[in-house]
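The values are calculated or read from the model by the stated rules, or taken from the named source; none is laboratory data. From a predicted model like this one, the values you see are computed outputs, not experimental measurements. In this analysis, Cβ positions are derived from the backbone assuming ideal geometry, glycine residues included, and neighbour counts consider all displayed protein chains.
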There are 2 protein chains.
Amino acid sequence: MKRISSNDIARLAGVSRSTVSRVINGYSNVPEETYDRVMRVVREQHYYPQISGRQLSGKGSNTLGLFWVGEPNISQAQFSSNMFMIVVDAAAQRNYLTLADIVPNLSEEKYANHIRRVFSEGRIDAGIIIGASNEEPLMDELPEKGYIIGIHDYFREEDAQPLRLSVNYDRDTGEQIIDYLYSLGHRKIAILNGDLTHQSCLDRYQSFIRGMTKHNLPLRNQWMAYGGYHMDPAYRGAMQMLSACMSDLPTAICANNDTAARGVYKACAELGLRVPDDISVFGIDDEPAASMVIPPLSTFAIDTRKMFFSLVNRVLDTLEGKENVPQTEFIRGTLLPRGSSAPPRSDRANG
Amino acid sequence: MKRISSNDIARLAGVSRSTVSRVINGYSNVPEETYDRVMRVVREQHYYPQISGRQLSGKGSNTLGLFWVGEPNISQAQFSSNMFMIVVDAAAQRNYLTLADIVPNLSEEKYANHIRRVFSEGRIDAGIIIGASNEEPLMDELPEKGYIIGIHDYFREEDAQPLRLSVNYDRDTGEQIIDYLYSLGHRKIAILNGDLTHQSCLDRYQSFIRGMTKHNLPLRNQWMAYGGYHMDPAYRGAMQMLSACMSDLPTAICANNDTAARGVYKACAELGLRVPDDISVFGIDDEPAASMVIPPLSTFAIDTRKMFFSLVNRVLDTLEGKENVPQTEFIRGTLLPRGSSAPPRSDRANG
DNA sequence: CTGAAAGCGCTTACAG
DNA sequence: CTGAAAGCGCTTACAG
């Protein structure tokens, strides 16, 4: 497979490589006649300059990195699996290609090196990172080295870094859910947390607490547990929590996301607790399945597309030298009550 | 951001760039002592050679292209959205990065050029293509130009092309579904097709016909319609078909995939037809929601992961010069009856 | 075993 | 307006 080079185009068009380059890059100092002559040959030959040559002479790669930190097999978490395509789409709309890589974690040096390598080899102009914990040192190192990164779900108020951008979830998600459950009459509410080193989980947890405190609701240890992001850990967390307090059950339980809420459904079914008759269940995300489960899951809808378009656009703005690009943005979600939440039984009996 | 070059490493290690290159590339003719000295500096400096330099001197990019042809907003079709991540994962397992791009279609020259450009610029060593129709001329042009491509759901028996690989679905999917429905007692079966220029849809359609013919079942025009891949077109297709033959309804309806089957659910609900009491419904794919809808959807489970691992591995094998790599593979699926299919009412009344 | 040199395909001051 | 030349960061025959 012999590739055509700018030399071939130059020869065919009867000009020098310099001129070919000027035409390709749309420089102004080329007379129309020359431009047309060169451009015709370029089109005829389907010529596109080798990116390696371009890059070596100082141009960018027009490529956005996308690093997924975590399990690649996310069939259970439908919500996450869309993120990939949304980032590619957002980048494509600005004429960037997306170079994607998956690493299981960042704590092992070899995986962190994976990311260092992609930046260092000059394959990408900037990177999007999904799944990094808020304490990940690489998120300091990369921007310090001069690389522009955009991190999903990451917030560091104290030390801003001009080259580190992020996008975040509503910080009062938990409070909004508690407010709603409170308005239904719930006073005994349980929380199933995610991984608190992730900003959103911490925010949600704190915001649940804020809501509970505001309404003077009891914060009981046995009504708090780890549930994670997937069905299995949430199922186990809910089983353990609920079976330990069968004599004094909460009337509602809030999971860290919809997939975890489905784990709660499973635990409830197994313990003979009906949703929402015996216990109300809330998720977060509004993943496609949320409206299809029985009963339809009450949740807090997240606009993933909006989140990643905001992040990608701000990263590319920064890369292209735009000034005053906001470093982070909190994308507001929407409370979306469905059949899985109802007034607690005692209330309904009374009213 | 000043990057370190092989020159810097050479200087720090007291050798020439040639030797640095030999060490980096693991050539055998380097004494251990030299190797260690250079490698220590490489590690200390977190040095990774610029790919543009490497590529220009004739090395590959270690990158696999991934081209998605179609709607980027696939929130409705959960099944497809996993494909992206699976390809990235499969490539990562073989130490390739994945360069992804989305184009709405291939019939417009500008989008076809998008793909030509990515290959031509030397960004990728080979490419995976999802969503190309079986008649797409670009699928001939690319391998003829010397590019290795792996196409999802593409089959051309007549003219094989050594550089064109593909992965395909079961060719008797439809027949297996018909066999099962027949065994339940169904004799009046309707089909909702997808886009017949896509190999799988054509295969499914032909295989439905084969099954119907085998069992001497009637092939009626009014029991065949276009339903596509998404809820809306399937809903419309089912509405139109069913409302046109209310006096002589089919007892079962087969959709082209699970998402389309959910459109059929919606149409049935609207027409007052109960699933499966009045009509059985079958999907294909076994997407996550299939087991969650009410009633749980009978379907034909596809192992997407297996499909794409087969495709990616064969493409990379071919790229790496392996001999006798199979050009295509048909990945068998599994019939998965659930609550949405049952014997037709007349049978149950009788039996 | 190892260095000096050529070459890969571009872009961009520089000179005219 | 345009060409010749230098330079980007690698790898790889070639010589020694």
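Condition check: modelled with pLDDT under 95, more than 9 Å from chain B (Cβ to nearest Cβ) and over 15 Å from B:Asp89 (Cα atoms). Does A:Asn113 satisfy that? Against the criterion (modelled with pLDDT under 95, more than 9 Å from chain B (Cβ to nearest Cβ) and over 15 Å from B:Asp89 (Cα atoms)), A:Asn113 does not qualify.
Quick check on A:Asn82: is it surrounded by fewer than 21 Cβ atoms within 10 Å (Cβ to Cβ) and modelled with pLDDT under 95?
When the stated conditions are applied, A:Asn82 does not pass them.
State which residue is farthest from the other protein chains (Cβ to nearest Cβ) when the search covers only the range A:1-18 and only residues that are over 30 Å from B:Ile148 (Cα atoms) and near DNA strand C (Cβ under 10 Å from one of its atoms). Before you say what the answer is, go through the steps one by one.
Going through the range A:1-18, the residues over 30 Å from B:Ile148 (Cα atoms) turn out to be A:13-16, A:18.
Filter once more, keeping what is near DNA strand C (Cβ under 10 Å from one of its atoms): A:16, A:18.
Values: A:Ser16: 20, A:Ser18: 19 Å.
Here the answer is A:Ser16.
Taken over the range A:302-345, the residue count meeting the criterion of being at pLDDT 95 or above and touching a Gly at 6+ places or on another chain (Cβ under 6 Å) is 3.
Listed by first and then second residue, the pairs with beta-carbon distance under 7 Å, at least 6 apart or on different chains, first residue in the range B:46-61 and touching a residue at least 60 places away in the same chain (Cβ under 8 Å), second more than 7 Å from DNA strand D (Cβ to nearest atom) and not in a loop (DSSP other than H, G, I, E, B), are B:Gln55/A:Ser52; B:Ser61/B:Ile51; B:Ser61/B:Gln55. The set of residues from the range B:94-107 being touching a strand residue (DSSP E or B) at 6+ places or on another chain (Cβ under 9 Å) and more than 9 Å from chain A (Cβ to nearest Cβ) comprises B:Arg94, B:Tyr96, B:Pro104, B:Asn105, B:Leu106. Just so you know, in the range A:33-73 the residues that are away from chain B (no Cβ under 12 Å) and of a type in the set (Val, Ile, Thr) include one that is surrounded by the fewest Cβ atoms within 10 Å (Cβ to Cβ), and it is A:Thr34. Picking from residues in the range A:126-154 that are within 15 Å of the chain's Cα centre (by Cα) and of a type in the set (A, V, I, L, M, F, W, C), the one that is farthest from A:Leu99 (Cα to Cα) is A:Ala132. Against the definition (away from DNA strand C (no atom under 16 Å from the Cβ) and of a type outside the set (Asp, Glu)), how does A:Leu56 come out, yes or no? In short, no.
Residues in the range A:117-141 that are within 11 Å of another protein chain (Cβ to nearest Cβ) and within 18 Å of B:Gln50 (Cβ to Cβ): 8 in all.
If you go through the range A:159-171 and keep only what is closer than 20 Å to A:Ile253 by Cα and buried (at least 19 other Cβ atoms within 10 Å of the Cβ), you end up with just A:Asp170. Restricting attention to the range A:33-45, the residues that are within 20 Å of B:Asn113 (Cβ to Cβ) and either away from DNA strand C (no atom under 12 Å from the Cβ) or free of Cβ contacts under 8 Å to residues at least 24 places away in the same chain (or both) add up to 7. The number of residues in the range A:142-154 that are of a type in the set (Asp, Glu) and more than 12 Å from chain B (Cβ to nearest Cβ) comes to 1.
For the range A:299-317, check the following and say yes or no: at least one residue is of a type in the set (A, V, I, L, M, F, W, C), buried (at least 19 other Cβ atoms within 10 Å of the Cβ) and more than 28 Å from A:Ile86 (Cα to Cα). The answer is no; no qualifying residue exists. Considering the range A:19-32, and only residues there that are near DNA strand C (Cβ under 10 Å from one of its atoms) and in a helix (DSSP H, G or I), the residue that is farthest from the other protein chains (Cβ to nearest Cβ) turns out to be A:Thr19. Scanning the range A:155-169 for residues that are within 10 Å of the chain's Cα centre (by Cα) and in a loop (DSSP other than H, G, I, E, B) yields nothing. Filtering the range A:6-32 to residues that are surrounded by 17 or more Cβ atoms within 10 Å (Cβ to Cβ) and not hydroxyl-bearing (Ser, Thr, Tyr) leaves A:Ile9, A:Ala10, A:Leu12, A:Ala13, A:Val15, A:Val20, A:Arg22, A:Val23, A:Ile24, A:Val30.
From the list A:Ile124, A:Ile178, A:Ile189, the one residue that fits, being farther than 30 Å from A:Ala342 by Cβ and either assigned by TED's automatic domain parsing to the domain that holds A:Ser298 or crowded, with 22+ Cβ neighbours inside 10 Å (or both), is A:Ile124.
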